[in-house]
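Taking it in order: structure first as structure tokens, then the write-up.
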Amino acid sequence: MSRLRGALAGNVDAPAVWLTASFALVGLVIAAGVAASVGLADVALPAGFVAAIAGVAGGLVPPGLTRQVTVPACVAVALAPALASAGEGRPVVAGLLSAVVIAVAALAQQDVPTGMLVGALGSTTYVLAVGLGLVRDVPLSHTLIAGGIGLVSAVVTTVAARAVKQWQVRRGGGAAVGPGIPPLPGWFVSRLLSGIGAALRDWRHNPYARLALRRVVVLAPLVGVLEARRDPVALYALVVAFSITQPTTSDTLDRALARTAGVIGAIGVTVVIGALAPDWVLVVFAVVAMVGGLAHVLRSPFLTSLGTTVLTIATGYLAGSSIPAVNRLISTVVGALIGLLATVIIPAPKPQEQSGSSTAADRGTDTE
């Protein structure tokens, strides 16, 4: 029970990043609205997710590292849809490509904060592109535009959030935006290749090499199944299995508990609020839950899972169908079990786990 309480509540006394979370959520609304207004309603929510994730990253990155994070993040977001579409209609090719993408993203987490954030953005966009292209038959051009809209919205909200923080500092009511951190040495690509090489040479003891192998074992078969069947249940299982699989066994179990509880709670909340209150109340609840989840995204994914799941299943429920909710619950349980099984088969190296090598940043790479 203590583990379950910790997975659900996280560390509520930790310093909150409510301002960053709120602006990131504003970015989600802006990106989704822009996409819908230009006739791309099919990618409105993914554009919003990219904006929210990139907005959180922008709000947490020290100003001195903004450019070094922004450029590789834009490249990763641009490449992800093209890589996802390359395997369309070819399950084996799709599985192999996903193995490469996810392995590189996991190994990139060693380069903090650049690689961790770029890997999270790139892999999230890739998973969204796979789902959109295979399950909903969304054109590649729409997916690319969605990523662009999301990144531009994130830039706007990040600049606004930093301006508000500076205003708070001038009024004496807030901490400084961030210390003057010198640029990281060398190019991101050279650091990435060097880190990958070092991790592969020491794969028996490197937690990120083990994480990469674990995620490849989890995701490559799921992408192949998704490509062959075009099944939404397989898509959600893919998202859940990716998001819960973390560098340490303890964090993976916490993610599995929080994610499953969030989905069950979201189904109950959607049913109750949908039956007793107007539709807009359900949307407001989802927004509030996502703000809370994003504010503590480095601590616990429970509220984020609750809010995003409400948004996902609310449309189906309000239309009088419970199938989306049932699919979401089944896929969550399947994805969690697959992620836990991979962790058992390929456990984290004990020295790193005992020394607490999993940082808060490692725990913040959730997708949806």
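Quick look at the numbers
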| quantity | calculated |
| --- | --- |
| Spacing of the two label points (7 Å from each Cα toward its C-beta) at residue 230 and residue 276, in nm | 4.1 nm |
| Accessible surface of the range 33-140, 1.4 Å probe, proportion on carbon and sulfur as whole % | 73 percent |
| Listed peptides 120-127, 197-204 by packing density, highest first (mean Cβ within 10 Å) | 120-127, 197-204 |
| Cα gyration tensor shape of the range 23-132, rounded if a/c is under 1.5, else prolate or oblate by comparing a/b with b/c | oblate |
| Packing-based ranking, highest mean first, of 82-91, 258-267 given that Cβ atoms within 10 Å are counted | 258-267, 82-91 |
| Difference of contour (0.36 nm per residue) and Cα-Cα distance, residue 164 to residue 249 | 26.7 nm |
| Rounded, prolate or oblate (a/c below 1.5 giving rounded, otherwise prolate when a/b exceeds b/c) for the range 206-279 by Cα gyration tensor | oblate |
| Within-15-Å neighbourhood charge of residue 71 [Cβ basis; K, R +1; D, E -1] | +1 |
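The values are calculated or read from the model by the stated rules, or taken from the named source; none is laboratory data. If you're wondering where the values come from, they're calculated on a predicted model, not measured in any experiment. Here Cβ is always computed from backbone atoms with ideal geometry, including for glycine, and neighbour counts include all displayed protein chains. Only protein heavy atoms, including side chains, enter the accessible area calculation; ligands, DNA and RNA are left aside. Shrake-Rupley method; radii C 1.70, N 1.55, O 1.52, S 1.80 Å.
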